[in-house]
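The values are calculated or read from the model by the stated rules, or taken from the named source; none is laboratory data. All values derive from a computational prediction rather than experimental measurement. Cβ: placed from backbone, ideal geometry, glycine included. Neighbour counts: every protein chain shown.
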Amino acid sequence: MAVSPADSEVMTALTWAIRLIIFSFLLVFALRNTQLTTLHFILDYALEAPLVIVLLAFFAGGAVLGVLSLLGVLFRQRREIARLKREAAKPQELPIPELPPLV
């Protein structure tokens, strides 16, 4: 089933509307959370930053750790796919069927 140009334009407009809603929500969230927050680390080291910056940093750190945790699985799957492609490219020996005895 082919997608008409009108359907494509509607989907593009819908996509941009959703992006605008998400951006607006995040902007309002950031503007409402500008109070300073103090993070206390080991050895009496403290960092004072706006709450929205702290939340963004921890969110980004979590996303990076999530991507790093998937790298092992990704590389294992790529190796397996390469192995299967090599096996599929090898010519296969077809078994010669035995003919029934002639009576």
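Tell me whether region 88-95 contains one or more residues that are modelled with pLDDT under 90, of a type in the set (Lys, Arg) and either surrounded by 10 or more Cβ atoms within 10 Å (Cβ to Cβ) or over 30 Å from THR37 (Cα atoms) (or both). Looking through region 88-95, at least one residue is modelled with pLDDT under 90, of a type in the set (Lys, Arg) and either surrounded by 10 or more Cβ atoms within 10 Å (Cβ to Cβ) or over 30 Å from THR37 (Cα atoms) (or both).
Would it be correct to say that GLU9 is outside any helix (DSSP H, G or I), of a type outside the set (A, V, I, L, M) and over 22 Å from the mean Cα position of the chain (by Cα)?
In short, no.
As for region 35-51, it holds at least one residue that is assigned to a helix (DSSP H, G or I), surrounded by 11 or more Cβ atoms within 10 Å (Cβ to Cβ) and of a type outside the set (Ser, Thr, Tyr).
Is region 32-48 home to any residue that is of a type in the set (A, V, I, L, M, F, W, C) and in contact (Cβ under 8 Å) with a residue 12 or more places away in the chain? Before the answer, list the steps.
Quick first cut of region 32-48, residues of a type in the set (A, V, I, L, M, F, W, C) only: 36, 39, 41-43, 46-47.
Going one step further and asking which of them are in contact (Cβ under 8 Å) with a residue 12 or more places away in the chain, we end up with 36, 39.
Checked against the condition, which is being of a type in the set (A, V, I, L, M, F, W, C) and in contact (Cβ under 8 Å) with a residue 12 or more places away in the chain, region 32-48 yields at least one hit.
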